[in-house]
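What follows is a set of notes on a single structure, which appears directly below.
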Amino acid sequence: MHPSRAALVLAACLLLPAAAGAQERRPLTALDLYHLKTAGGLTLSPDGRRAVYVVSQADSASNGYKRDLWLAETDGSAPPRRLTWNGSTGGAVFSPDGRSLAFSASRGGGRSQIWILPLAEGGEAWPLTELETGAGGPVWSPDSRRIAFGSSLTPEEIAKADSAAADSARKAEPPKADAGAIRNIDDDRPAALAAIRALLEGNAEKKDPRVVTRLDYLAETEIQDERYGHIYVVEARQGAKPLRLTRGVYFNGDPAWHPSGDSIVYSAAPPRGDYHPDYEQESDLYVVAAAGGRARQLSEPGYAEFAPSWTADGRWLVYGRAHVATPFFTASNTELVVMRPDGSGRASVTAPLDRSLNEYEITPDGSLYFTVASEGAVSLYRTGLDRVQPQLLVRGPRGVLSFEAAGGRLVWTQMDPRRPSDVYTAAADGSGERRLTALNDSLLATVYVGDYQEIWYPSYDGRRIQGWYVLPKDHRAGTRPPLAVEIHGGPHVMWGPGEFSMWLEYQTLAGAGYTVFFSNPRGSAGYGEEGMRAIHRGWGTNDARDILVGADSVIARGLADRGQQVVTGGSYAGFMTTWLIAQAAPERFRAAVAQRGVYDLAIWYGGSNTWRLFEGEFATTPWRDPEITRAHSPLSHVENIRTPLLLLHGDLDYRATISSAEALYRALKVLRREVEFVRYPREGHELTRSGEPAHRIDHMYRILEFFERHVRHPRR
């Protein structure tokens, strides 16, 4: 057996529960991904008495995920019950009369469609839409009789739908290629060129080969078709024909009904100049009659405006906005804004908090609820609109991941390090909090789950940085386990007790005997715009030092062995992992695992769908400032790397292109350094969050095995 494979099997076996001592909690392992359930896609009945949510769970048989709807009574009078059994159901929304649910699902193959599940009468869900282009994001009208939804169309489909004479607008079949004309190009050049063009157009129609002419042609895992969202309205009855409300070859989305039911407000991004929609970064709000007609623009230049909603009395319009007309557009807060229908009285609700908006909800009584990420937690606030004074309702070291408010009740899905996913409820003011579900209680009763211990430490320049550590199972005072330093990506995201995605990886490493440390160095979200902008044009500088000082702080507490440190992270943290071993701390770590990272900024700019992040972070392009591009690329400093390195990447990752990892791997192999490169087929950048379960488990075990191989870790 290959030595690394043997070590992997040994590591996995070491983490399985022992036959004896059945009462002792065993370590959590990567294989527990199959036992872990998560809640999301939350909706609340108008009277606040019933909550419907999606329960997701990895499925070993299909190597995929099962997602179905469940219903819970918010007074706890009955245990939650399952509503669907299809395994591929998206989040649902209650009709305003509370009698039905609308949700999107792909059943029997093909594109997702809108389905209606009758609750009052009972019965099976039935499809409301049957569009070739698919349908999603259902939004009920106030009278529960119509639904607005979105569908994505190609420019050809838009032209066909817009034409009064559909047959004349249909794209003509390309003429047959005349092989003889092609051969005799010198005899009749125009005919030969026409035949060649016909041949090439026919091949392009079949997408063999793919012809690329647009700027943003990369999706997450594939070359994407040119499609633009459009908004439809359909009566909520079988056989009804949808009406398309929006026009244009550009994005339209986020529909919301006016309380009168006569019009819909939405977000759209028409080009502001004579250029392709891919170049447009701003978006505006528009209002259109629900019966169709010309849309009216509600403009605020310099922003990308999204997710609009009316208050029940129609006096206020609420929406989110992101500032795109600033050099710091990738390091600016997303704001929650209110204004009157005529555009007057516009004010930011969240600006005084200096935090970014996550989600918001308006209740019929005019209350505005919203969540923001701050200092490792995601908290829930409430305010009125006539007098904006946000009141903190759900606080503490946890995360409100989604929520709904109606009928004097609140419901939310929550991340807590001790209970990673459940549904909770409380009164409208946050009082009387109660847990409605027990999604993972059977698993948690048998495994060790480490607490997140918070620390604040002064960095090299005195700036206070927040971090956490998780101690291994059966840790005893005076012992110093190996230290696993985990780094977050983004770079402007936030880790902490409110973040779910890393929970299983942290607990797997702690279960294997590691002290796990993670932090929010400068550049992280959740600490104000100044904190995010502290690494502008300076990736790997101040933030790298914040991370290392934090690890030193854990070691100084006697909680880890300075001589047995390992480091890992994904995306921007893949960059940071290699930056640490190449520049900031080349002799410090026994082993490093860089996950789906960015290692050459020029390659990343040219081969990824996140190329605008480079322009926002460095305020330049690679050809205008090649020196900063070179200086901040770990590949430029590859000769300094002597730490054993494992590179993990998805073959179809177009967010952090795999070409960058290939270049780093090739350089290290030429230098005869210790490096391994693991490529996951069919996977993109979301590998560790929504990739194939078997790949996610392999990924976690490879990290553990590589660390075990290079750290002298005393096994029990």
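The values are calculated or read from the model by the stated rules, or taken from the named source; none is laboratory data. Since the model is a prediction, treat every value here as computed from it, not as a measurement. Cβ placement follows ideal geometry from the backbone for every residue including glycine, while neighbour counts extend to all protein chains displayed. Surface accessibility is based on the protein's heavy atoms, side chains included, excluding ligands, DNA and RNA. Shrake-Rupley method; radii C 1.70, N 1.55, O 1.52, S 1.80 Å.
Worth a mention:
- Radius of gyration (Cα atoms) of the chain, expressed as a multiple of 2.2 N^0.38 Å: 1.01.
- Spin-label pair S690/N63, simplified geometry with 7 Å Cα→Cβ offset, distance in nm: 1.9
- Only DSSP H runs of four or more residues enter the estimate; each adds -39500 (n - 2.57), and after division by the residues of the chain the mean residue ellipticity at 222 nm equals -5500 deg cm²/dmol.
- Note on E615 and E156: with the Förster distance fixed at 30 Å, the Cβ-Cβ geometry gives a FRET efficiency of about 0.45.
- Percent of Cα pairs exceeding the 16 Å cut-off, where the set is the stretch 58-106: 52
- Separation of the stretch 600-656 and the stretch 356-401, taken as the distance between their Cα centroids, equals 36 angstrom.
- Additional length obtainable on full extension of the chain from V670 to S344, 0.36 nm per residue less Cα span: 111.0 nm
- Using distinct alpha-carbon pairs, which all enter the 1/r mean, Kirkwood radius of the stretch 484-617 in Å: 15.3
- For the chain, the solvent-accessible area of protein heavy atoms averages 43 Å² per residue (probe radius 1.4 Å; ligands and nucleic acids excluded).
- Computing FRET efficiency as 1/(1 + (r/R0)^6) for A194 and S163, where r is the C-beta to C-beta distance and R0 is 25 Å, gives about 0.45.
- Those GluC sites (Glu not before Pro) in the stretch 183-247 that DSSP places in a loop and that have at most 15 other beta carbons within 10 Å: E220, E222
- What a 1.4 Å probe finds exposed on the chain is 49% carbon and sulfur by accessible area, rounded to a whole percent.
- Flagged links, alpha-carbon separation over 31 Å, of K37/K473; K206/K669; K66/K669: K206/K669; K66/K669
- The stretch 665-697 versus the stretch 190-264: alpha-carbon centroid distance in Å: 33
- H276, H685, H710, reordered so the largest accessible area comes first (probe 1.4 Å): H276, H710, H685
- Placed amide H near Y680: partners under 5 Å, 5+ positions off or other chain: H649, G650, D651
- Checking every one of the GluC sites (Glu not before Pro) in the stretch 343-440 against DSSP loop status and a limit of 16 other Cβ atoms within 10 Å picks out E433.
- With loop membership from DSSP and a limit of 12 other Cβ atoms within 10 Å, the longest segment of the chain without chymotrypsin sites (Phe, Trp or Tyr not before Pro) is 86-274.
- With coordinates expressed along the principal axes, the C-alpha atoms belonging to the stretch 505-584 extend over 37, 27, 24 Å, beginning with the largest.
- Annotation for the stretch 265-296: trypsin sites (Lys or Arg not before Pro) lying in DSSP loop with at most 10 further Cβ atoms inside 10 Å of their Cβ are R294.
- Candidate aspartates and glutamates - alpha carbon under 14 Å from K207, same-chain residues fewer than 8 apart omitted: E222, D225, E226
- Where L199, L153 fall by accessible area, highest first, once all protein chains stay in place (1.4 Å): L199, L153
- Taking a straight line from the alpha carbon of K241, these aspartates and glutamates sit under 12 Å away, with near neighbours fewer than eight places off in the same chain left out: E130.
- The value obtained for the stretch 617-716, namely the Cα convex hull volume divided by the number of residues, is 140 Å³ per residue.
- Annotation: amide H-H contacts under 5 Å for R642 (H modelled 1.01 Å from N, sequence separation of 5 or more, or interchain): none.
- For the chain, the relative contact order is 10 percent, taking Cα pairs closer than 8 Å that sit 6 or more residues apart in sequence and dividing their mean separation by the residue count.
- Vicinal HN-Hα couplings computed from phi for the stretch 505-512 (Karplus, 6.51 cos²θ - 1.76 cosθ + 1.60; Hz; Gly/Pro x): 5, 4, 5, 5, 5, 5, x, 8
- Separation of alpha-carbon centers, the stretch 572-586 and the stretch 504-530, rounded to whole Å: 16
- For the stretch 269-276, 3J(HN,Hα) per residue [Karplus equation, 6.51 cos²θ - 1.76 cosθ + 1.60, θ = phi - 60°, Hz, x = Gly/Pro]: 10, x, x, 8, x, 7, 8, 5
- Using θ = phi - 60° in the Karplus curve 6.51 cos²θ - 1.76 cosθ + 1.60, the 3J(HN,Hα) couplings for the stretch 655-672 round to 8, 10, 3, 5, 4, 5, 5, 4, 5, 5, 4, 4, 4, 5, 5, 4, 7, 6 Hz; x is entered for Gly and Pro.
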